[in-house]
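The values are calculated or read from the model by the stated rules, or taken from the named source; none is laboratory data. Only a predicted model underlies this, so the values are computations on that prediction, with no experimental measurement involved. Because the Cβ atoms are built from the backbone with ideal geometry, glycine has one as well, and the counts that use them run over all protein chains shown.
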Amino acid sequence: MNTEFVEALEEIARSKGIDAEVLLEAIEAALISAYKKNFGSLQNVRVEVHRSTGEFKVFSRKEIVEEVEDERTEIALAQAKKINPGFELGDVVEFEVTPKEFGRIAAQTAKQVVVQRIREAERNIIYDEYVNKEQDIITGIVQRQEAGNVFIDLGKTEALLTPQEQMPGEEYNPHDRIKAYIVEVKKTTKGPQIIVSRTHPGLLKRLFELEVPEIADGTVEIKSVAREAGSRSKIAVSSRDENVDPVGACVGPKGARVQTIVNELKGEKVDIVKWSSDPVTYVANALSPAKVVSVLVDESAKTARVIVPDYQLSLAIGKEGQNARLAAKLTGCKIDIKSESQAEQANLSNQEGDQDG
């Protein structure tokens, strides 16, 4: 090793963001192992790489003792004082034992250490970059599919879209460009693993934040999101400015903003409703597009009884109960929906019961 090697290390350190001293210390530690492995040495040794010239030396280290039991690691006090009269018991004496044929092994070992440390540093840089993007959207290109998993190329690394995080019925073809939500970034022995989702409610929330300037600047706030990915979602919004209609801002001119999001989610229907601090109003809004006659909310029990016109019952409940289910998720209330005639019948039954009583 020579000055060119040291210069190369410093250049690597600058370009990869690795401390050159950390690299040199790692090389020294690896050279100790290489020396012991190749020269069958059980003695205590230290390897030094000169920081300026790149030259290396191997030193045998022996502790000064009264009586020597192992000549490989110990030296008698009398013998040590011949080297330097100032030595005392317990001090360590070093002897250079650099083998002539150690150069090739040293160079190879140093190369392996540098390559390994560069790989580790690059993995750490990628991890640090993406761990700060958790709960954010990334755009990537579908690379391949294996055992149901979709791998998305992000440029420096790839993300994993598991079957559980894939939208029902959505196809992922190689070279397709897609957006996904970063759920988690894990450190593994093979580098960072980036888990992404196309079904997470956070994807819908972040898409609105990116598409609607009023949300980005804080004028409009997303209060709640309920999502059944690939089918239908509801999002509740409010405005901090009474002059700004939160629903209109999210819909956009001629529906352009929400349509962009619907297109990204491959046709998933999105209901945008106005949030209200009044639970009665909020529950009624959440059941949109259905019209509501009355709402009775028990806040302590987190339940709501809703009455709708007869012709609105199926719309309020939705296909397979979807509208009611999403409204319940959005508001955090268990919602019981009845038509006017059902409610009237129930009242008649209760009155008859009271009379019988």
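Here GLU74 meets each of (1) without any contact (Cβ under 8 Å) to a residue 24 or more places away in the chain; (2) under 21 Å from GLU28 (Cα atoms); (3) touching a strand residue (DSSP E or B) at 6+ places or on another chain (Cβ under 7 Å) with one exception, condition (2).
Regarding VAL258, is this residue modelled with pLDDT of 95 or more, surrounded by 14 or more Cβ atoms within 10 Å (Cβ to Cβ) and either basic (Lys, Arg) or in a helix (DSSP H, G or I) (or both)? Break it down stepwise before answering.
On the way: modelled with pLDDT of 95 or more: yes; surrounded by 14 or more Cβ atoms within 10 Å (Cβ to Cβ): yes; either basic (Lys, Arg) or in a helix (DSSP H, G or I) (or both): yes.
Yes; evaluated as a whole, the condition is true for this residue.
Checking each residue in segment 62-81 for being among the charged types (D, E, K, R) and surrounded by 15 or more Cβ atoms within 10 Å (Cβ to Cβ) picks out LYS62, GLU63, GLU74. Annotation: of all residues in segment 51-61 being of a type outside the set (S, T, N, Q) and touching a residue at least 40 places away in the same chain (Cβ under 8 Å), the one that is surrounded by the most Cβ atoms within 10 Å (Cβ to Cβ) is VAL58. In the condition set (1) under 26 Å from ARG257 (Cα atoms); (2) in contact (Cβ under 8 Å) with a residue 24 or more places away in the chain, THR281 is compliant with all but (2).
Search segment 1-50 for residues being among the hydrophobic types (A, V, I, L, M, F, W, C) and outside any helix (DSSP H, G or I), and hand back the single one that is surrounded by the fewest Cβ atoms within 10 Å (Cβ to Cβ).
In the first step, residues of segment 1-50 are kept if they are among the hydrophobic types (A, V, I, L, M, F, W, C); the result is 1, 5-6, 8-9, 12-13, 18, 20, 22-24, 26-27, 29-32, 34, 39, 42, 45, 47, 49.
Subsequent filtering for residues that are outside any helix (DSSP H, G or I) retains 1, 18, 42, 45, 47, 49.
Values: MET1: 19, ILE18: 21, LEU42: 9, VAL45: 20, VAL47: 21, VAL49: 21.
Here the residue is LEU42.
Residues that are farther than 27 Å from ARG119 by Cβ, surrounded by 12 or more Cβ atoms within 10 Å (Cβ to Cβ), acidic (Asp, Glu) and without any contact (Cβ under 8 Å) to a residue 60 or more places away in the chain do occur in segment 82-92. If you go through segment 120-142 and keep only what is closer than 18 Å to GLY191 by Cα and of a type outside the set (Asp, Glu), you end up with ALA121, ARG123, ASN124, ILE125, ILE126, TYR127, TYR130, VAL131, ASN132, LYS133. As a summary of the residue check, SER277 satisfies the conditions (1) surrounded by 14 or more Cβ atoms within 10 Å (Cβ to Cβ); (2) closer than 19 Å to LYS223 by Cβ except for the one numbered (1).
Tally time: how many residues in segment 141-160 are in a strand (DSSP E or B) and within 16 Å of GLU122 (Cβ to Cβ)? First the steps, then the outcome.
Step one: list which residues in segment 141-160 are in a strand (DSSP E or B), which gives 141-146, 149-153, 158-160.
Imposing the further condition that a residue be within 16 Å of GLU122 (Cβ to Cβ) reduces the set to 158.
Total meeting the criteria: 1.
Between ALA256, ALA249, which is under 16 Å from LYS205 (Cα atoms) and outside the structural domain of LEU330 (by TED's automatic domain parsing)? Give the steps one after another, and end with the answer.
Details: ALA256 fails: under 16 Å from LYS205 (Cα atoms).
Result: ALA249 is the single residue among ALA256, ALA249 that is under 16 Å from LYS205 (Cα atoms) and outside the structural domain of LEU330 (by TED's automatic domain parsing).
Return the only residue of ALA304, ALA290, ALA316 being in contact (Cβ under 8 Å) with a residue 24 or more places away in the chain, part of a loop (DSSP other than H, G, I, E, B) and not assigned by TED's automatic domain parsing to the domain that holds ASP245.
Numbers: ALA304 fails: part of a loop (DSSP other than H, G, I, E, B); ALA316 fails: part of a loop (DSSP other than H, G, I, E, B).
From the options ALA304, ALA290, ALA316, the qualifying one is ALA290.
Among the residues making up segment 151-193, those that are under 12 Å from the mean Cα position of the chain (by Cα), crowded, with 16+ Cβ neighbours inside 10 Å and either of a type outside the set (A, V, I, L, M, F, W, C) or not assigned by TED's automatic domain parsing to the domain that holds GLY140 (or both) are TYR181, PRO192, GLN193. Every condition in (1) among the hydrophobic types (A, V, I, L, M, F, W, C); (2) in contact with a Lys or Arg (Cβ under 9 Å, 6 or more places away or on another chain); (3) touching a residue at least 24 places away in the same chain (Cβ under 8 Å) is met by VAL47 except one, and the failing one is (3).
Restricted to segment 105-140, and to residues there that are in a helix (DSSP H, G or I) and among the polar types (S, T, N, Q), the residue that is surrounded by the most Cβ atoms within 10 Å (Cβ to Cβ) is THR109.
Name the residues in segment 214-241 that are outside any strand (DSSP E or B) and either touching a residue at least 12 places away in the same chain (Cβ under 8 Å) or closer than 13 Å to TRP275 by Cα (or both), would you? Please lay out each step first, then the result.
As a first pass, look at segment 214-241 and keep what is outside any strand (DSSP E or B): 214-219, 229-231, 240-241.
Matches in segment 214-241: GLU214, ILE215, GLY218, THR219, ALA229, GLY230, SER231, ARG240, ASP241.
Can you tell me which residue among PRO253, PRO246 is without any contact (Cβ under 8 Å) to a residue 40 or more places away in the chain and surrounded by 21 or more Cβ atoms within 10 Å (Cβ to Cβ)? If you could, list the steps in order and put the result at the bottom.
Values: PRO253 fails: surrounded by 21 or more Cβ atoms within 10 Å (Cβ to Cβ).
The conditions single out PRO246.
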